[in-house]
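Have a look at the structure below before the remarks.
FYI, it's all coordinate maths here, none of it is from the lab. What you see is a predicted model, and the numbers here were worked out from it, not measured in a lab. Cβ placement follows ideal geometry from the backbone for every residue including glycine, while neighbour counts extend to all protein chains displayed.
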Amino acid sequence: MLQQVLHALEQAQQPLSLNDLAVQVGVDTATLEGMLAFWERKGRIVLHDGQACMSRGCGGCSPTGGCAFAGPSPRAFLLVPDERKP
Amino acid sequence: MTLNPTLKSRLTQPSHPAAVPAAPMASTAMRYDSPIEAAITQISATLAAHPTLATQYPPRWLAIQLLEGDEGLTTLVQATPNSTAILEQVSNQHAHLSAHYNDDLDVVLADQRYRFVHQVVQHTLTRPAAPAATISDRIDQIVTHKWLGIPIFLLLMWVVFKLTTDVSAPMLDWVDGVMSGPLTAWSIALLGTLGLGGTWFESLVVDGVIAGVGGVLVFVPVLLALYFALALLEDSGYMARAAFVMDRLMRTLGLHGKSFLPMIVGFGCNVPAIYATRTLERQQDRILTGLLVPFMSCSARLPVYVLLAAIFFPTQTGLVVFSLYLLGILVAILLGIILKHTLFKRSEQIPFILELPPYRMPTIQSIWRQMWERTAAFVRKAGTIILATSIVVWLLIATPVRGAGSFAATEMDDSAFAAVAGSVAPIFAPLGFGSWEASGALLTGFVAKEVVVSTMSQIYAVEPEAAADEDLATLSVVDGLTEIVTSFGTAALDTLKAIPLVIGINLTDAEAEAEPTALMDTLQTSFEQASGGHGTLAALAFLVFVLLYTPCVTAVAAARQEFGNKWMWFSIIGQFTLAWIAACMVFQIGRLLGLG
C-alpha cells in the first residue's frame, strides 16, 4: 500500500489533489496523510507549506512579522527522486 | 499486535446497523509475513531472556522497533550490558529480510501494518459505494475542470481588475483632491508662516515630497480594492485551486508544475515570490522560475497601469489592466517554454500532490487584516524608498545644468534630471516615448515601480492657474476640512454606485464623472508629442515596457542572493531586452496598422 502511494505519484501526469490520490489508492485522506508522513520521514517526499522571505528591504514586512504579500500557500507534497534507481 | 477480547469483539461487529462486513475476519491479531514473524520470535526470545530489557519493554514490541532501525532504542540497547549478541542477531535478521523483500525493512513492516488496518476497516465498516460529494467537491468539479478551470480563473481575474479600477476610482479622485487641495494649501500656508514661503524648501515640500509621495499615495484606494479582492480569493480557498489549474496548464506545456505557486505570490510582490522559489527542489527549476516571476504584475505596477490607462483608455481601464496582467502570464509561459528547450533542458518534472483545502466563508477580520498589512507595507514604502527617491529626483530637477536658472528656480528642461534622462531617451524613441520625461520615469522606476508614478507627478507637475492658486492660498483650515468631509461623502456614494459597474451596469451620472486633471492633460500631450501624434500607442508601449522590465532594485537583490550574480545580470539584461522588443512591436506594428 505504501509503495502504491509512491507509484501513483510517480505515474501522475499532472498535479494530484489529496482527494484524488486517496481515491486512487483506495484509502481515506486521513490514512493517506499518515502514509505521506511516513514517506516524508523516509525522505522520499518533501512537504512545503509556506514561503520563506529573507528580505528586509522591500517594505513588505507585515507588522505582525513575516511577509504581508506571501499569503497562505496550499500544502504541497513533492516526490524526491529515488537515488537508488538508475 | 494482539487485540484484547472486547476490542476484538467490537472490531468484528458491524460499526453501523446498515454496515455488513464483507467476510468475517479469521483473526484480528496483527501478524506479519512468516519470515518476519520468525525473525521477531527469535529476537523476542533473546530479549525476553535479557535481565534488564525484559523488565523495561515488551520483547515483541522491542524486537519490531529494532528491526525497523529505531535509532533511539538501538542506542539504548547498546548501552545495556551483554547487548552485543542481541544487536548482532538483529543485524543478521535485518540483512536477511531486506534481501528477501528487496526493500527497506521499515517500509515492509509499515506497509504490512497499513494492510492490516485497511483489512480491519474493510471488514468492520461499510461505506457508501460513492461517498456523498461535499459542497467543496461540487465546486471543485467546476472550478478545477480540465476545460473550464482556466476560463473561470481568467473571468475571476477580470472581475478583480474591474473592481480594482472602476470601484476605487471615486476614492482615488478624493485622495487626489485632498493631496492637491487642502494638504498642499496648508503646507504652503505653514511654510509661509515660518518664513519659508517662496524658498527652495517650499519647492522641496510641494514639488518634491507632496507631488512625489502624494502622487503615489493617491493610489491607496486602488490597492485597497486589489488587496480586498485578493484576500477574498485567498481566504475562500480559491487561490489553491488557481495554482492547481495553472500548474496543470504549465505542466502540459512542459514547465515545472509547481512553478505557479511562487508566481501567484508575485501578483502581490515579486520579492517574496523570488524567495518562494525555494519550495522547488532543483536549482535549475528555482532559477527558471526566478527568471519568470518578475513578469507577474506586482501590485507596485498597478498605479502606473491605472494612471496611464485612465488617461488613454478612460472607458476600458479595467480591461487594459486585466490585459497587462494576462500578458505578463503569457510572456512568462512562452519564455518558460523557450528556456526549457534551450538553457534548462535538464530540468525534469517532479510529481507532487497539492492539498486543496475546503472552501470557507472569508471573515471580515481576516480580510481587513490582510488589506491593512499590505496597504500599510505600501504606505511604509512611500515613506521610505519613494520619499528618498522623490527627494533625489527633486534635487536633480532643481539643479540647473544649462540656461539662466538658479537652484530650485530653473526650467525643468534645463535641469540635471532632464540632462541625464535625455541622454538615454533616444533608446526609447523607436518605442514611441523618447522624451526625457518618460525616460526619466523609467530610469527611476528601476528603484521601485511606484516611483514611475511619483516621478511623473514631479516632472509633469504643472503650475496651478492663477485663480486656483489664489483659492488655495486663501483656503482656511475650516473650509479645507469641510471640503475634505463633503467630498469624502460624495466619493463614498459614488463608490457604492460604481459597484454594479463590475457586472456592466452603469449607475454613475456621466456628467458627474471626474474631469481630467492638469497632470493627465500634460502627460497626454507629452506622449502625443514624443510619438508624433500616436500618443495612445506610445502609452500602450510604455505600459508593456513597465510590465516587462526589471521590477525593482529589491527584486534584483533577491535574485542575486538566490541565484548569484550571473543569473541576476541575465535577468536584468534579458528583461530589458524583452521589454524593449515587445514595446517596440506594440508601437511600430500598431502604427503600421493605423491604430492609435
By the C-alpha gyration tensor axes a ≥ b ≥ c (rounded if a/c is under 1.5, else prolate when a/b exceeds b/c, else oblate), the shape of the stretch B:391-463 is oblate
Once both label points are put 7 Å beyond Cα along the C-beta direction, the B:Ala429-B:Thr126 separation in nm becomes 8.6 nm
Per the charge dipole of the protein assembly as shown (beta-carbon charges, Lys/Arg positive, Asp/Glu negative, Cα centre), the residue among B:Tyr460, B:Ile572, B:Phe542 reaching farthest to the positive end is B:Ile572
Scoring only Lys, Arg, Asp and Glu (+1, +1, -1, -1) among other residues with Cβ under 14 Å from the Cβ of B:Phe322 yields +1
Summing -39500 (n - 2.57) over every DSSP H run of at least 4 in chain B, dividing by its residue total and rounding to the nearest 500, the 222 nm mean residue ellipticity is -20000 deg cm²/dmol
Taking every C-alpha to C-alpha distance in the stretch B:143-298 and binning by 10 Å from 0, the per-bin percentages run 10, 28, 24, 17, 13, 7, 2
So the angle from the long Cα axis of helix B:169-178 to the longest Cα principal axis of chain B, reported in degrees to the nearest 10, equals 50 degrees
Going fewest to most other Cβ atoms within 10 Å around each Cβ, B:Thr550, A:Thr29, B:Thr165 line up as A:Thr29, B:Thr550, B:Thr165
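Of all trypsin sites (Lys or Arg not before Pro) in the stretch B:136-221, which ones are in loop regions per DSSP and have a Cβ with at most 16 other Cβ atoms within 10 Å?
Working: sites: B:Arg138, B:Lys146, B:Lys162; in loops: B:Lys146.
Here the sparse-neighbourhood loop sites are B:Lys146.
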The answer for A:Cys67, listing residues at least 5 apart or on another chain whose modeled amide H is closer than 5 Å to its amide H, is A:Ser62
Farthest towards the positive end of the dipole of the stretch B:114-243, among B:Ala242, B:Ser168, B:Ala185 and with Cβ unit charges of +1 on Lys and Arg and -1 on Asp and Glu, lies the Cα of B:Ala242
Fewest to most Cβ atoms within 10 Å: B:Arg248, B:Arg380 sort as B:Arg380, B:Arg248
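Starting from the Cα-Cα distance between B:Leu73 and B:Val401, subtract it from 0.36 nm times their residue separation and give me the gain in nm to one decimal.
Difference between extended and current length: 110.1 nm.
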Answer in debye to the nearest 20: the dipole magnitude of the stretch B:40-121 about its Cα centre, from +1 Lys/Arg and -1 Asp/Glu charges placed on Cβ, is 320 debye
Rounded to the angstrom and largest first, Cα extents along the principal axes for chain B equal 104, 56, 54
Rounded to whole angstrom, the alpha-carbon centroid of the stretch B:370-388 lies from that of the stretch B:67-131 at a distance of 55 Å
About its Cα centre, the protein assembly as shown carries a charge dipole, from +1 on Lys and Arg Cβ atoms and -1 on Asp and Glu Cβ atoms, whose size in debye to the nearest 20 is 2760 debye
Stretched fully, the stretch from B:Leu194 through B:Leu154 gains (0.36 nm per residue minus C-alpha distance, one decimal, in nm) 8.9 nm
Computed about the Cα centre, the charge dipole of chain B from +1 Lys/Arg and -1 Asp/Glu charges at the Cβ has a magnitude in debye, to the nearest 20, of 2760 debye
Cβ-Cβ cut-off under 12 Å around B:Ser454, Lys and Arg +1, Asp and Glu -1: the net charge is 0
Expected vector for the stretch B:559-575, Karplus 3J(HN,Hα) from phi with 6.51, -1.76, 1.60 and θ = phi - 60°, integer Hz, x for Gly and Pro, equals 5, 5, 5, 7, 10, x, 4, 4, 6, 5, 5, 4, 5, 4, 5, x, 5
Counting Lys and Arg as +1 and Asp and Glu as -1 over every other residue whose Cβ sits under 12 Å from the Cβ of B:Ser415, the net charge comes to -4
Long-range amide H partners of A:Ser17, meaning residues 5 or more apart or on another chain whose placed amide H is closer than 5 Å, are B:Leu354
Going residue by residue through the stretch B:539-554, the Karplus relation 6.51 cos²θ - 1.76 cosθ + 1.60 with θ = phi - 60° gives ³J(HN,Hα) values, rounded to whole Hz and with x marking Gly or Pro, of 5, 5, 4, 4, 5, 4, 5, 4, 4, 9, 8, 2, x, 5, 5, 5
For chain B, longest principal axis from Cα atoms; helix B:302-312 axis from its Cα atoms; angle between them, nearest 10 degrees, is 40 degrees
Amide H neighbours of B:Gly197 at under 5 Å, excluding residues fewer than 5 places away on the same chain, with H built from the backbone geometry, are B:Gly192
The simple spin-label model distance between B:Gln119 and B:Ser34, using points 7 Å out along Cα→Cβ, in nm, is 1.5 nm
Chain B: longest segment with zero exposed chymotrypsin sites (Phe, Trp or Tyr not before Pro), where exposed means DSSP loop plus at most 12 other C-beta atoms within 10 Å, is residues B:148-406
Scalar couplings 3J(HN,Hα) for the stretch B:63-77 by Karplus 6.51 cos²θ - 1.76 cosθ + 1.60 (θ = phi - 60°), nearest whole Hz, x for Gly and Pro, are 4, 5, 4, 5, 5, 6, x, 4, 5, x, 6, 5, 5, 5, 5
On each of the three principal axes the extent of the alpha-carbon atoms of the protein assembly as shown, given in whole Å and largest first, is 104, 56, 54
